[in-house]
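Here the structure comes first, spelled out in structure tokens, and everything after it is commentary.
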Amino acid sequence: MIDMKISAAFLLECTPYNKTAYKDKTYHGTVGVSPVHSLSIVNVNSAKATDIMAFVDEITATVNEQFGVALESEVCFLADT
């Protein structure tokens, strides 16, 4: 395995989850992609953290399938206990 940096935004722009193709779509009616930047996930209709995580998982799986690149999230999610 080679460890290198590549632009996640560039990879997302090459998938169906880019800001142009996904601008009028939502994931389960609650989560979308920012029309300004493909790396930004937006809550469009009272999404829960599980909705957002599922959408992020779908996007990262698509990038992995198309390019063989495993994206790592920079966001830390805290569970409500």
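The values are calculated or read from the model by the stated rules, or taken from the named source; none is laboratory data. Quick caveat, the model's predicted, so the values are computed rather than measured. We place every Cβ from the backbone using ideal geometry, glycine too, and count neighbours over all the protein chains shown. In case anyone asks, the SASA skips ligands and DNA or RNA and just uses the protein heavy atoms, side chains included. Shrake-Rupley method; radii C 1.70, N 1.55, O 1.52, S 1.80 Å.
For this structure, a couple of remarks:
- Over the chain, dividing the summed -39,500 (n - 2.57) contributions of all DSSP H runs of at least 4 residues by the number of residues returns a 222 nm mean residue ellipticity of -9500 deg cm²/dmol.
- Using alpha-carbon coordinates, inclination of helix 49-67 to the longest axis of the chain, degrees: 20
- Normalised by the number of residues in the range 16-70, the average gap of Cα pairs under 8 Å and 6 or more apart makes the relative contact order 24 percent.
- Contour minus Cα-Cα distance for N43 and A9 (0.36 nm per residue): 10.3 nm
- With every protein chain in place, the chain: carbon and sulfur % of accessible area (1.4 Å): 55
- Average accessible area per residue (Å²) across the chain - probe 1.4 Å, nucleic acids and ligands excluded: 74
- For the range 31-55, backbone nitrogen atoms closer than 13 Å to the point 7 Å from N18 Cα along Cα-to-C-beta are found at 37-39.
- With 0.36 nm allotted per residue and the present C-alpha distance subtracted, the D57-I2 stretch has 17.6 nm of extension available.
- Reported label for calculated semi-axes √(5λ) of the Cα gyration tensor in Å given (i) 18, 13, 12; (ii) 20, 14, 14; (iii) 21, 17, 10: (iii)
- Exposure here means at most 10 other Cβ atoms within 10 Å; with GluC sites (Glu not before Pro) in a DSSP loop as sites, the longest stretch of the chain lacking them is 1-71.
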